[in-house]
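Right, one structure below, let's go through it.
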Amino acid sequence: MSAEEPLDDDIKPPGNNKLILIIVAVNVVALGGIGAFIFLGGGGGDTAEAADVPAEEMEVSFEGPPTLVSFDPFIVNLNEPSASRYLKLSLSIEVPGDKAVEAVEGRKAPIRHVVLSYLAGLSFSDTQGAEAKQMIQEALTKQMNESLKKDVVKQVYFTEFVIQ
């Protein structure tokens, strides 16, 4: 490099700094508008109205032919301090019609939680015999309906009940 050549520090890149700044500003404003639209409930007029109505006032009619909804198997450790035992339980529930099926499908995770919590509290002796299994069915029906906040579950059917 000779003394007569200009230094690169003084050279400015050809730029459109103002153009870039305007594009960034427009994008920020657009994203802010979209975020406000979504946050304020725009685009789904029914959603905003339904959120203002308490669940008790939203009467959904669960009518129709009996339909079975199956659940993945439940595997829990039984409440046995002296031994390590587990229960594997598969079940289906009977509900009246398609709207009830939709209600159950939409709340499967909370229903699974209720079932797992109940089963984990059982001991080996709580699961023995036909009478005990009937009591478990009744308790699960009641707890599932409480989770759904409506009497949707008509019957619980065990499709697998294994204790090891």
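Taking amide hydrogens as placed 1.01 Å from N in the peptide plane, the amide H of residue 155 sits under 5 Å from those of 94, each at least 5 positions away in sequence or on another chain.
For the stretch 78-92, 3J(HN,Hα) computed residue by residue from phi via the Karplus equation (6.51, -1.76, 1.60; θ = phi - 60°) reads 6, 7, 10, x, 8, 8, 9, 10, 10, 10, 10, 10, 10, 8, 10 Hz, glycine and proline entered as x. Taking amide H as placed 1.01 Å from N in the peptide plane, residue 97 has its amide H under 5 Å from the amide H of 67, each at least 5 places away in sequence or on another chain. Between residue 128 and residue 108, full extension at 0.36 nm per residue minus the direct alpha carbon distance yields a gain of 4.5 nm.
Per-residue 3J(HN,Hα) values for the stretch 98-111, derived from phi via the Karplus relation 6.51 cos²θ - 1.76 cosθ + 1.60 with θ = phi - 60°, read 5, 5, 5, 4, 4, 5, 5, 4, x, 10, 4, 5, x, 5 Hz in sequence order (x marks Gly and Pro). The HN-Hα couplings worked out from phi for the stretch 151-156 by the Karplus form 6.51 cos²θ - 1.76 cosθ + 1.60 (θ = phi - 60°) are 6, 9, 7, 8, 7, 10 Hz, whole numbers, x standing for Gly and Pro.
Working from Cα pairs under 8 Å separated by at least six residues, relative contact order for the stretch 61-163 is 36 percent.
Proximity of backbone amide H atoms, modeled 1.01 Å from N, is registered between residue 80 and 85 at under 5 Å, excluding neighbours fewer than 5 places apart on the same chain.
Just so you know, all these numbers are worked out from the coordinates, no wet-lab data involved. Quantities reported herein were computed from a predicted structural model and do not represent experimental measurements.
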